[in-house]
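One structure is given here, and the rest of the page talks about it.
The values are calculated or read from the model by the stated rules, or taken from the named source; none is laboratory data. Note that this is a predicted model, so its numbers are computed, not measured. Note: ideal-geometry Cβ built from the backbone for every residue, glycine included; neighbour counts use all protein chains shown.
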Amino acid sequence: MKVSELLKIKYPIFQGAMAQISTHQLAGAVSKAGGLGIIASNGLTPEGLRDEIHALRRMTEKPFGVNLMLLMKNCQEFVEVIVDEKVPIVTTGAGTPKRFMAQFKEAGIKVIPVVPNASIARKMEEIGCDAVIVEGVESGGHIGNVSTLVLLQKVLQTVSIPVIAAGGIAAPNGMAAALAAGASGVQCGTIFLAAKECPVSQTYKEKILQARETDTVVIGSTYKRPLRVVANKMTNEYVELERQQAADDVLQTRVSKSFSAIKKGDADFGAVIAGQSAGLVDEVRSAQEILEWLYEGAVELVRQAVENL
């Protein structure tokens, strides 16, 4: 079954769940336009998530998702909100949703984990997940260590459920490549940072628009939580702290204080989370314009590729 049919969406395009960024404003706009908007629960309270769900539903009646970070200590409370609010789709990260699958399935919720390798993808299929998102090292935020194309190919050889490609996709040819390789759809984060509806500061958006494909760095590998961000003064300091083998708490504190880029616009000392595809983003568009541009362009490119064989 096509992902668009499975999830009742027009375009097989997921908007990535970005903490403190993927709120109802962005997710609602994406869902309203025909993609899968996803609310990021990380950084919210359970009641805050409920409020976000209600706000999104005031924007649109179309399907949407909630991303659940499974390492959260009060994860069960978020699950209760998701089930109570009859959220149609859940994407998960940082762990296995196995302990919640019975609740989700009983509620008719589609479960789609983000996976970093084929072995975990197989386990997700075995516990009854409806699809998987394979996220390559090109992605923004917390990353694995395998490139999107290699990971996609391996997972497609391993599972029979739909596979969504994520990481490095911010233009029609990237989406076309993923679809031609066998992906059932794509997930994009970085391109939606420049969406008109994205609630980040203008300086954050400008940082994305100005970035080249070589302008991101990975920090946090020292405490095994690698994070891809756009290079700035904060990352220079962080890399130096890592070189000096600073204590984990010092490094984590430096990152935790750096999310001021999102709301306050501190693009020098804040964490400007983005993938390598920031180098492909050079225009502010509405969520609807992004979806139409990606999908229609990808379909045409795939058609041309077939004709040229």
Enumeration of residues in the range 191-217 that are in contact (Cβ under 8 Å) with a residue 40 or more places away in the chain, of a type in the set (A, V, I, L, M, F, W, C) and surrounded by 15 or more Cβ atoms within 10 Å (Cβ to Cβ): ILE191, PHE192, LEU193, ALA194, ALA195, CYS198, VAL200, ILE208, ALA211
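Listed here are the residues, each with its yes/no results for (1) assigned by TED's automatic domain parsing to the domain that holds GLN20; (2) under 17 Å from the mean Cα position of the chain (by Cα).
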site	(1), (2)
MET175	yes, yes
GLY185	yes, yes
CYS188	yes, yes
ALA194	yes, yes
TYR204	no, no
THR222	no, no
ARG225	no, yes
VAL239	no, no
LEU251	no, no
Here are some residues: ALA180, ALA171. Which one is surrounded by fewer than 24 Cβ atoms within 10 Å (Cβ to Cβ), within 18 Å of the chain's Cα centre (by Cα) and not hydroxyl-bearing (Ser, Thr, Tyr)? ALA171
Just need a number here: residues in the range 195-240 that are within 18 Å of MET18 (Cβ to Cβ), charged (D, E, K, R) and at pLDDT below 85. 1
Can you confirm whether the range 53-60 contains a residue that is of a type in the set (Gly, Ala, Ser) and touching a helix residue (DSSP H, G or I) at 6+ places or on another chain (Cβ under 7 Å)? yes
Residue hits (the range 121-151; free of Cβ contacts under 8 Å to residues at least 24 places away in the same chain and closer than 24 Å to GLN76 by Cα) are GLU126
Could you grab me the full set of residues in the range 213-251 that are out of contact with any Ser or Thr (no Cβ under 9 Å at 6 or more places or on another chain), more than 25 Å from GLY167 (Cβ to Cβ) and of a type in the set (D, E, K, R)? LYS233, GLU237, GLU240, ARG243, ASP249
LEU44: passes all of (1) modelled with pLDDT of 95 or more; (2) over 19 Å from VAL114 (Cα atoms); (3) buried (at least 17 other Cβ atoms within 10 Å of the Cβ) but (1)
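Of all residues being of a type in the set (A, V, I, L, M) and touching a helix residue (DSSP H, G or I) at 6+ places or on another chain (Cβ under 6 Å) in the range 91-132, which is surrounded by the fewest Cβ atoms within 10 Å (Cβ to Cβ)? Just the residue, please.
Of everything passing the filter in the range 91-132, ILE127 is surrounded by the fewest Cβ atoms within 10 Å (Cβ to Cβ).
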Please work out which one of (1) aliphatic (A, V, I, L, M); (2) surrounded by fewer than 17 Cβ atoms within 10 Å (Cβ to Cβ); (3) not in a loop (DSSP other than H, G, I, E, B) is the condition VAL30 fails and give its number. (2)
Tell me yes or no: at least one residue of the range 137-156 is within 22 Å of PRO63 (Cα to Cα) and either among the hydrophobic types (A, V, I, L, M, F, W, C) or crowded, with 22+ Cβ neighbours inside 10 Å (or both). no
Filter result for GLU289 (under 27 Å from THR60 (Cβ atoms), surrounded by fewer than 18 Cβ atoms within 10 Å (Cβ to Cβ) and at pLDDT 80 or above): yes
Somewhere in the range 5-14, is a residue touching a residue at least 60 places away in the same chain (Cβ under 8 Å), buried (at least 18 other Cβ atoms within 10 Å of the Cβ) and either over 18 Å from the mean Cα position of the chain (by Cα) or outside the structural domain of GLU80 (by TED's automatic domain parsing) (or both)? yes
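Results for (1) in a strand (DSSP E or B); (2) more than 21 Å from VAL200 (Cα to Cα), shown as yes or no for each residue.
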residue	(1), (2)
GLU5	no, yes
LYS10	no, yes
ALA19	no, no
ASN42	no, no
LEU49	no, no
LEU56	no, no
ASN67	yes, no
GLN76	no, yes
Can you tell me which condition ALA247 does not meet? The list is (1) under 20 Å from MET18 (Cα atoms); (2) aliphatic (A, V, I, L, M); (3) at pLDDT below 80, and all the others hold. (1)
Looking at VAL90, is it of a type in the set (Val, Ile, Thr), in the same structural domain as VAL302 (by TED's automatic domain parsing) and under 20 Å from SER184 (Cβ atoms)? yes
